[in-house]
Each structure stands twice: as C-alpha cells, then as structure tokens.
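**Q** Here it is: the structure, laid out below.
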Amino acid sequence: MPISSYAVRCQNDDRDAVITHLHQLPGVVVGAQTPNGIPVVVESDTNREARESGELLEAIPGVESAVLVYHNFEDETEEP
C-alpha cells in the first residue's frame, strides 16, 4: 500500500474549507496545521492512485499547492 505525505498550502481565509474537504476524502489523514501548510498523509491501493492523489489535492478549491514530501511504495507489487 503506497503511502504519501504532502504539505498542502492555501490562504488563511480558505483553510477551514480546505481542511473540511480533506477530511471527506477516503484514505486521507490530516495533521495539525503548521505555518508552512497542512500536513496530509494519503494511503492508496496502487501506485497509480498514489500518483493521482497530488492532482486530487491540488484540485480542491482554495488549495494553492500540494507539495509531495514523502512517498513509500516498497511493499507495492508491479501493476499490470
């Protein structure tokens, strides 16, 4: 199971709405807010879903960027 972590950045005015949206996404765990952004961990079933997770996070209204910080896929088997 691939696990990715992101720093999600948004304007302060959008932060509450972004956090609410993040909590609604399956496989997403939201960490405590920091001055540098909102830490997010995403668990995916496949590497393809893991790659798409960053795009999904950046598509949330109010999100300025979702920067990949860490990605672990060592237990993932090859996709056909």
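**Q** Out of the residues in region 1-13 that are open to solvent by 60 Å² or more (accessible area, probe 1.4 Å) and over 12 Å from the mean Cα position of the chain (by Cα), which is nearest to residue 52 (Cα to Cα)?
**A** 1
**Q** Out of the strands (runs of 3 or more DSSP E) lying entirely within the chain, which hold 1 or more residues that are basic (Lys, Arg) and at pLDDT 95 or above?
**A** The strands (runs of 3 or more DSSP E) meeting that bar are 3-10.
**Q** Only one residue in 27, 37, 54 is open to solvent by less than 70 Å² (accessible area, probe 1.4 Å), of a type outside the set (A, V, I, L, M), touching a helix residue (DSSP H, G or I) at 6+ places or on another chain (Cβ under 9 Å) and in contact (Cβ under 8 Å) with a residue 12 or more places away in the chain, so which one is that?
**A** After applying the criteria, what remains is 27.
**Q** Determine whether region 28-47 contains at least one residue that is acidic (Asp, Glu) and more than 13 Å from residue 1 (Cβ to Cβ).
**A** No, because not a single residue in region 28-47 is acidic (Asp, Glu) and more than 13 Å from residue 1 (Cβ to Cβ).
The values are calculated or read from the model by the stated rules, or taken from the named source; none is laboratory data. This structure is a prediction, so every number in the text was calculated from the model and none was measured. For neighbour counting, all protein chains shown are included, and Cβ atoms are generated from backbone atoms with ideal geometry for every residue, glycine included. Please note that ligands, DNA and RNA were not included when accessible areas were found on the heavy atoms of the full protein model with its side chains. Shrake-Rupley method; radii C 1.70, N 1.55, O 1.52, S 1.80 Å.
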